[in-house]
Amino acid sequence: MEVYFDNAATTKIIPEVRDIMLETMEEEYGNPSSMHLKGVGAEKYIRYAKNAISKQLKCEPKEIYFTSGGTEANNLALIGIAMANKRAGNHIITTGIEHASVYNPVLYLQDLGFRVTFLRVDSEGKVDLEHLKEALCEDTIMVSTMAVNNEIGAVEPIEEIAKIIKEYNKEIIYHVDAIQAFGKQILYPKRLGVDALSMSGHKIHGPKGSGALFVDSHVKIKPILFGGGQEKGIRSGTENTTAIAGMGKACEIMYQRLDENVQAMNRVKQALISGATKIDGVSDNSGEAPHIASLSFRGVRSEVLLHALEEKGIYVSAGSACSSNHPAISGVLKAIGLDKELLESTLRFSFCEWNTVEEAEYTVAVLQELLPMLRRFTRK
């Protein structure tokens, strides 16, 4: 049996997405900026995708900007908004558990002279709201937090965060990295008090190389790429019509069946956690997100267990896949105060709606077989 439990890293493209992508490659392959009919034919896919995404976010299509992925969306939001608003102040607030595509741009801004506060989180990975209240000041221009943590699945209280920010100063921009939440929960940024929101296509059965950024029309933002002025000058470069169309279709489909998808993922998650935690030395660090489970395996290094599971046809990850080529102790696990002995003994299992309870039960059975053997080997 092959079990793919690494859907937080990337997902498999679904047939409807493949079909619309093939249309743009074989039939409507024109440059969407061209004025002739081939260009017009390609441009309609851009409009379609903007309409599909804006419908789910309850915003205007003109407030959606397409990017090459979630990383670029986060970079554009953080650097573009900071540079556009630097006359208003130089203080940025984020958290200590952000994805590298937020954390590293923030460090870049720090090098440019911006002052950064990294908020604490509790043992469940949720933002310390009192620390946020303490950190806000006259110079604060932007707050950035994730909606769902990519390693443990903690669901952040973004509506409460937004309320605290806007009650302090409604001019402060609130950016949310929603890459692990988009397509898996309802997100209405304007109602939530969110000014900018990052999304990715390949986390929701769309193609890699597709992403988008919602920016409320009142927010000042500067481009970080310069060229032909596409996307209203905010993101230059010929639009990747194929990827954009695929992301739009994936968004449309995921939200059509959102409730049943969430229920299906939750069933698999609970089956895995329930079975695995009955095994000696296995503990659960998982948050509320339906598609992510974080489990620690005392006495076994995560990399060793990952490859042992791989040999049994089970694919998982040790933390964020985006940094898997550079093994390091997870900052997220440190931030939630995980036992030091478990920091290098934790795996992430992440699900899509087509995973099954039978796959979870198979994984538990394999863990029951592998763990005693690997622990004996480790002790030697």
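Checking every one of the trypsin sites (Lys or Arg not before Pro) in the stretch 73-174 against DSSP loop status and a limit of 12 other Cβ atoms within 10 Å picks out 170.
Return the loop-located trypsin sites (Lys or Arg not before Pro) in the stretch 268-374 (DSSP other than H, G, I, E, B) with at most 15 other Cβ atoms within 10 Å of their own Cβ; answer none if there are none. Don't skip to the end; give the middle numbers.
Values: sites: 269, 278, 298, 301, 312, 334, 340, 348; in loops: 278, 298, 301, 312.
Listed in order of number, the matching sites are 278, 298, 301.
Among 184/312; 62/222; 50/220; 12/208; 170/190; 166/232, which pairs are too far apart, with a Cα-Cα distance over 18 Å? Beyond 18 Å: 184/312; 50/220; 166/232. Here, the stretch 35-104 yields an orientationally averaged convex hull projection of 6.9 nm² when only Cα atoms define the hull. Mind checking the angle between helix 15-26 and the chain's longest principal axis? C-alpha axes, 0 to 90 degrees, to the nearest 10. The helix 15-26 is inclined about 40 degrees to the chain. Helix 357-379 sits at what angle to the longest principal axis of the chain, using alpha carbons and giving 0 to 90 degrees rounded to 10? The answer is roughly 60 degrees. A straight Cα-to-Cα reach below 14 Å connects residue 55 with the aspartates and glutamates 63, 252, residues fewer than 8 places away in its own chain not being considered. Between helix 158-168 and the chain there is an angle of about 50 degrees, using the helix long axis and the longest principal axis of the Cα atoms.
Order of 254-267, 58-71 by packing, highest average Cβ count within 10 Å first?
Sorting 254-267, 58-71 by mean packing, highest first, produces 58-71, 254-267.
With the simple model of a label 7 Å out from the Cα in the direction of the Cβ, residue 283 to residue 258 spans 3.5 nm.
Apply the a/c threshold of 1.5 to the C-alpha gyration tensor of the stretch 64-108 and tell me whether it is rounded, prolate or oblate.
Values: a/c = 2.53, a/b = 1.18, b/c = 2.14.
Oblate.
Note on residue 117: accessible area approximately 30 square angstrom, rounded to 10, probe 1.4 Å, nucleic acids and ligands left out.
Residues with beta-carbon under 12 Å from that of residue 144, excluding residue 144: net charge, scoring Lys, Arg +1 and Asp, Glu -1? Charge balance near residue 144 sits at -4.
Sort the stretch 1-117 into rounded, prolate or oblate with this rule: let a ≥ b ≥ c be the square roots of the eigenvalues of the Cα gyration tensor; rounded if a/c is under 1.5, and if a/c is not under 1.5, prolate when a/b is larger than b/c, oblate otherwise. Before the final figure, lay out each step's value.
Numbers: a/c = 2.72, a/b = 1.49, b/c = 1.83.
Taking the square roots of the gyration eigenvalues as a ≥ b ≥ c, the stretch 1-117 is oblate.
Report summary: the helix-based calculation at 222 nm, which adds -39500 (n - 2.57) for every DSSP H run with n ≥ 4 and divides by the residues of the chain, gives -13000 deg cm²/dmol.
Heavy-atom accessible area for residue 130, with the other protein chains in place and a 1.4 Å probe, reaches approximately 100 Å².
Based on the mean of other Cβ atoms within 10 Å per residue, sort peptides 199-211, 7-19 so the most packed one is first. Write out the running numbers ahead of the final one.
Working: 199-211: 26.2, 7-19: 18.1.
Per-residue Cβ counts within 10 Å, averaged per peptide and sorted highest first, yield 199-211, 7-19.
Projected over all directions and averaged, the alpha-carbon convex hull of the stretch 201-321 occupies 11.1 nm².
May I ask for the Rg/Rh ratio of the chain, computed from Cα atoms with Rh as the Kirkwood radius, given to two decimals?
Value, to two decimals: 0.99.
Calculated on the Cα set of the stretch 135-220, radius of gyration then Dmax: 13.3, 42 Å.
The values are calculated or read from the model by the stated rules, or taken from the named source; none is laboratory data. None of the values given here were measured: they were computed from a predicted structure. For neighbour counting, all protein chains shown are included, and Cβ atoms are generated from backbone atoms with ideal geometry for every residue, glycine included. Protein only, heavy atoms only, side chains kept; ligands, DNA and RNA dropped before computing areas. Shrake-Rupley method; radii C 1.70, N 1.55, O 1.52, S 1.80 Å.
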